[in-house]
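A.B. asks: Below is one structure. I have some questions about it.
The values are calculated or read from the model by the stated rules, or taken from the named source; none is laboratory data. This is a predicted model, so every value here is computed, not measured. Positions of Cβ are generated from backbone atoms using ideal geometry, with glycine treated the same way; all protein chains shown enter the neighbour counts.
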């Protein structure tokens, strides 16, 4: 091989090596870098739901949008389950960066964590069997069995304000409550209307219905660790943009499609993002906590 041929071979080898290194760099860049850990619910179809490796729901859509505005791609998000009873601890311990998990803003919670938002207003309602005509409102639950999940005070709101003799059953998740309702172990399940609509559609198979008589106003916020002033501002800016550019409505329509759910249009979409509009109710002076 003459000198010119050797130079051509050497140059070609260098180009191949450079391309290979560049390719490896791109792959590494996609999978490395900073991560953001977001707490969501795993058991609320249409709101926060995990099926296999897929995460869906309105809360998830909101969290994705916010994360993108904060500079994180989908691959940089770590999803972490945030059960109702563990949300404050997850934030306080730094296990998550923020939580979007049907997290109602309340004065008690604001003593230990901070909130951005609100990004949605729901209303507490009841899920019952479709053939049960005995329950038309929360007042009809006296002497009946009502299911809620651990860490939620929604059933206690019913007991304190509407049905003093209701029997409360606490289970670990909403799927378990739905199973108990279908089997007749309990007479109703209570939480926010948007959650109940998703459960009825995904788990009920037509045998369940949402009463459509909300009796509280629930203010959904994004929970952050106490003192996260700059993060709150960034999230609020992202939420305002999500509403203004139409992404908020598009996400809500997509996630509630087929559920017959219609959110209260007097409340939604939010127009203020200051986390101050909390503990408001429709027919009681006590807000529930989901």
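A.B. asks: What number of residues within segment 196-242 satisfy the criterion of being at pLDDT below 95, touching a helix residue (DSSP H, G or I) at 6+ places or on another chain (Cβ under 8 Å), in a helix (DSSP H, G or I) and surrounded by 24 or more Cβ atoms within 10 Å (Cβ to Cβ)?
C.D. replies: 3
A.B. asks: Would you pick out the residues in segment 64-106 that are in contact (Cβ under 8 Å) with a residue 40 or more places away in the chain, closer than 20 Å to residue 270 by Cβ and touching a strand residue (DSSP E or B) at 6+ places or on another chain (Cβ under 9 Å)?
C.D. replies: 66, 70, 98, 99, 100, 101, 102, 103, 104, 105, 106
A.B. asks: If a residue must be touching a helix residue (DSSP H, G or I) at 6+ places or on another chain (Cβ under 8 Å), crowded, with 17+ Cβ neighbours inside 10 Å and either free of Cβ contacts under 8 Å to residues at least 24 places away in the same chain or under 30 Å from residue 96 (Cβ atoms) (or both), how many such residues does segment 107-132 contain?
C.D. replies: The total comes to 13.
A.B. asks: Can you tell me which residue within segment 133-154, out of those that are closer than 10 Å to residue 188 by Cα and more than 26 Å from the chain's Cα centre (by Cα), is surrounded by the most Cβ atoms within 10 Å (Cβ to Cβ)?
C.D. replies: 141
A.B. asks: Quick check on residue 158: is it more than 19 Å from the chain's Cα centre (by Cα) and surrounded by 18 or more Cβ atoms within 10 Å (Cβ to Cβ)?
C.D. replies: It is true that residue 158 is more than 19 Å from the chain's Cα centre (by Cα) and surrounded by 18 or more Cβ atoms within 10 Å (Cβ to Cβ).
A.B. asks: Can residue 91 be described as crowded, with 22+ Cβ neighbours inside 10 Å and farther than 19 Å from residue 249 by Cα?
C.D. replies: Considered against the rule, which asks whether it is crowded, with 22+ Cβ neighbours inside 10 Å and farther than 19 Å from residue 249 by Cα, residue 91 comes out as yes.
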